[in-house]
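Quick notes on the structure that follows.
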Amino acid sequence: MASLLLAGTAFPVSASTTPLTKAVKQNFDGEIQNNTLAVSPNETQAVVARSGQPEVIVYDLTTGTVSAVLKHFNTPRNIVFAPDGKSFYVSDSSLGLIERVDASTFETREYYAAGPGAFGTVLSKDGKTLYINNQASNAVISMNTETKIANAVITGFSQPRQGVRLSPDGRVLYVTNFVSDKITLVDTATNKIIGEIGGFNKIRAISVTADGKTLFAANSGNDTISVVDTTAQKVIDTIPVGKQPYGAALSPDGKFVYSGNLGDNSVSIIDVQTRKAIATVKGFNEPRQAIVFTADNRYAWVLNKDLSISRIDRETQRIVSTIKR
């Protein structure tokens, strides 16, 4: 069992500290693979990683070229941009750290202790709280990004991995539990568990509608996307998709869900209103949960196994370009 910092304690590491990342050689749960893609708010940068590769790649989306390759990570799990786009956070399950990296210089500005097993992360809209899933300790950390002090360490989970989302109003945190195949609901005001939803099969990525009433969850165990009524806290429908779906990304207009299907190298497109898969886009290389939409709804970026990014034209439902290293 990995150890965690207690709520109200700080991690005594500064940006000027000699990088302690080199001290850890062994991977945490290396057999558990995931990929991650974060796009800057102004959509000029994309930052990608795959947990099986000890590096983070930064792409310039305006030129389609590599801006930087950061090689000091061990098992990078998740990446999220700060609201102002000036930095991004990278979780590393082997190092037990979250690093805040400057988006211009690519230097690490802050370290946050999360304990070995740090997987999925989600940032509050104001950027002041980072929620961190810790698979090893079966806990979620509510981290103050300004003080680097944990607001709370919430326990009672079963291997929370990549899947974690906030409701649009920020009041509820949805955490996936891979072992029990459930979603746990946490009140962010009290940091207390307030509910649990079951009925999934190897649950992966999740997304929540703008009104907070509906949640979509990928089931890699039975090739479906679950539709969840968050008020009733139950699954109300299941939608067949491709093989081994990991993704369940909701488009900005709330009309479609894109599922990255690892098993058949495809992306399924689901109509939210009819709850049916209306198209399948092929030509990917093991797409997982890393799917991001442009703010204008015109395109979707999908990360491939080789850390290239394919861009889908949402009108034609075809891959129109791919950025490679």
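The values are calculated or read from the model by the stated rules, or taken from the named source; none is laboratory data. Keep in mind that what you see is a predicted model, and the values were worked out from it rather than measured. Using ideal geometry, Cβ is built from the backbone for each residue, glycine included, and neighbour counts are taken over all protein chains shown. What goes into the accessible areas is simple: the full protein's heavy atoms, side chains included, and nothing from ligands, DNA or RNA. Shrake-Rupley method; radii C 1.70, N 1.55, O 1.52, S 1.80 Å.
Number of residues in segment 126-147 that are of a type in the set (A, V, I, L, M, F, W, C) and either under 16 Å from S87 (Cβ atoms) or open to solvent by 10 Å² or more (accessible area, probe 1.4 Å) (or both) equals 3. Checking each residue in segment 241-274 for being part of a strand (DSSP E or B) and open to solvent by 20 Å² or more (accessible area, probe 1.4 Å) picks out L250, F256, D271.
Condition check: open to solvent by less than 30 Å² (accessible area, probe 1.4 Å) and part of a strand (DSSP E or B). Does I193 satisfy that? No; evaluated as a whole, the condition is false for this residue.
Does segment 77-92 contain at least one residue that is modelled with pLDDT of 95 or more, touching a helix residue (DSSP H, G or I) at 6+ places or on another chain (Cβ under 9 Å) and either open to solvent by 20 Å² or more (accessible area, probe 1.4 Å) or charged (D, E, K, R) (or both)? Yes. Flag set for I141, criterion: farther than 22 Å from S268 by Cβ, under 17 Å from the mean Cα position of the chain (by Cα) and in contact (Cβ under 8 Å) with a residue 60 or more places away in the chain.
Would you confirm, using the coordinates I've provided, whether A205 is in contact with a strand residue (DSSP E or B) (Cβ under 8 Å, 6 or more places away or on another chain), touching a residue at least 60 places away in the same chain (Cβ under 8 Å) and aliphatic (A, V, I, L, M)?
Values: in contact with a strand residue (DSSP E or B) (Cβ under 8 Å, 6 or more places away or on another chain): yes; touching a residue at least 60 places away in the same chain (Cβ under 8 Å): yes; aliphatic (A, V, I, L, M): yes.
Considered against the rule, which asks whether it is in contact with a strand residue (DSSP E or B) (Cβ under 8 Å, 6 or more places away or on another chain), touching a residue at least 60 places away in the same chain (Cβ under 8 Å) and aliphatic (A, V, I, L, M), A205 comes out as yes.
Would you check if there is a residue in segment 11-31 being farther than 24 Å from T129 by Cα, modelled with pLDDT of 95 or more and over 18 Å from the mean Cα position of the chain (by Cα)? No, that holds for no residue. Of the residues G242, G263, G254, G247, the single one that is in contact with a Ser or Thr (Cβ under 7 Å, 6 or more places away or on another chain) and more than 30 Å from D60 (Cβ to Cβ) is G242.
Applying the condition of being touching a strand residue (DSSP E or B) at 6+ places or on another chain (Cβ under 6 Å) and not acidic (D, E) to segment 52-65 and asking which residue is surrounded by the fewest Cβ atoms within 10 Å (Cβ to Cβ) yields G64. Residues in segment 214-240 that are farther than 20 Å from I291 by Cα, outside any strand (DSSP E or B) and polar (S, T, N, Q): N222, T230, T231, Q233.
Of the residues contained in segment 148-164, one or more are found to be within 21 Å of T231 (Cβ to Cβ), open to solvent by less than 40 Å² (accessible area, probe 1.4 Å) and either of a type outside the set (G, A, S) or part of a loop (DSSP other than H, G, I, E, B) (or both).
Of the residues making up segment 298-321, one or more are part of a strand (DSSP E or B), closer than 24 Å to P168 by Cβ and of a type in the set (S, T, Y).
Residues that are over 15 Å from A38 (Cβ atoms) and among the β-branched types (V, I, T) were ranked within segment 93-120; the one that is surrounded by the fewest Cβ atoms within 10 Å (Cβ to Cβ) is T105.
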